[in-house]
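Data block below; observations after.
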Amino acid sequence: MNLDELVNKYYSSLNENDLYIWKYISNHRKECEKFTINELANKCNVSRTTILRFAKKLSLKGYSELKLYLKLENEKDKESIDNVEIVCNVYNEVIKNIKERDCTQIFKAIDRARNIYLYGIGLLQSSIKNEIKRIFINGQKVFYDLEGDTEVNAAKEFATDEDLFIIISVSGENETILKLAENLKVKNVPIISISKMKDNSLAKISDYNLYIFTAALPQISGEIAYQSLTSYFILIEILFLKYMNYKSQKDKKE
């Protein structure tokens, strides 16, 4: 429990002085984290014994534990603010990058492709493939999602330079994916890669590259590290909207 929850739990046992102390602490959490018991008592115009009794009414062992709760909660609040800032910066970078980029060659590759294949390994990649299929069907483009070795091998065997592969890999270093990309390259099959914004092997093999920025946020829940992946979907949506603009301009010229 945090301090707010403890106050709510033991509210019925708190008197007027206790509630005044809590109001002061609640409004000055950062300062109170550094106060001695005497300093807090002076701020609240009560005795140090009253402060100690207040802490014990919340089932805490004493004033030191009350300060520890404050310190931990203040650090958690700061981490949450920092995490929000980090994620927002990542989203802004993705938006800026794809918005300003000239994607004409990518759109031409999509338009002239006889068949467009999607390939990626893992749950995240499956979600991204599904989103690409869902959103681009509005532009009357059909993407074939390759699942399993049989489908991948068949597509690889029959693919030509008139087809297009979109390969999704977070790291760009998966051995299975790199082997497929190398085989396609030998056959001059065009490849669009989607990977993290960094130097990676898949991007080097591919004809066209789309990059995303990610943010790894440590220990948001217990010991589990959380990685923000929404930037993939932001990239896909803006790419699609730019593709529709490209189609509209192309139709006007024709």
Review point. Any idea what the alpha-carbon Rg over 2.2 N^0.38 Å comes to for segment 1-114?
Key: 1.88
**Study point:** Full-extension gain in nm, N8 to I137, via 0.36 nm per residue minus C-alpha separation
**Key:** 41.2 nm
Exercise for review: Treat segment 94-176 as a sphere of radius equal to its Kirkwood radius over Cα pairs and apply Stokes-Einstein at 4 °C in a medium of 1.567 mPa s; give the translational diffusion coefficient in µm²/s, rounded to a whole number.
Suggested key: 93
Exercise for review: Please figure out what share of the DSSP beta bridges in the chain is antiparallel and state it in percent, rounded to the nearest 5.
Suggested key: 20
Study note, to complete from the structure: With the 8 Å Cα cutoff and a minimum separation of six or more residues, segment 3-78 has a relative contact order in percent of 35
Point to revise | Most to least packed among 131-141, 6-16, 47-57 [average Cβ atoms within 10 Å] | key: 47-57, 131-141, 6-16
Point to revise | Stokes-Einstein diffusion coefficient of the chain, Kirkwood radius over Cα pairs, 4 °C, 1.567 mPa s, in µm²/s | key: 58
Exercise for review: Place a +1 charge on the Cβ of each Lys and Arg in segment 101-253 and a -1 charge on the Cβ of each Asp and Glu, then give the dipole magnitude about the Cα centre in debye, rounded to the nearest 20.
Suggested key: 740
Review point. When the chain is fully extended, how far beyond the present Cα-Cα distance does K185 get from M197, taking 0.36 nm per residue of separation?
Key: 2.2 nm
Review point. Given H placed on each backbone N at 1.01 Å, which residues far from Y117 in sequence or on other chains put an amide H within less than 5 Å of it?
Key: Y144, L164, F165, I166
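None of the figures in this text is laboratory data; all of them are computed from the coordinates on show. This structure is a prediction, so every number in the text was calculated from the model and none was measured. When we count neighbours, we look across all protein chains shown, and the Cβ atoms used for this are built from the backbone with ideal geometry, even at glycine.
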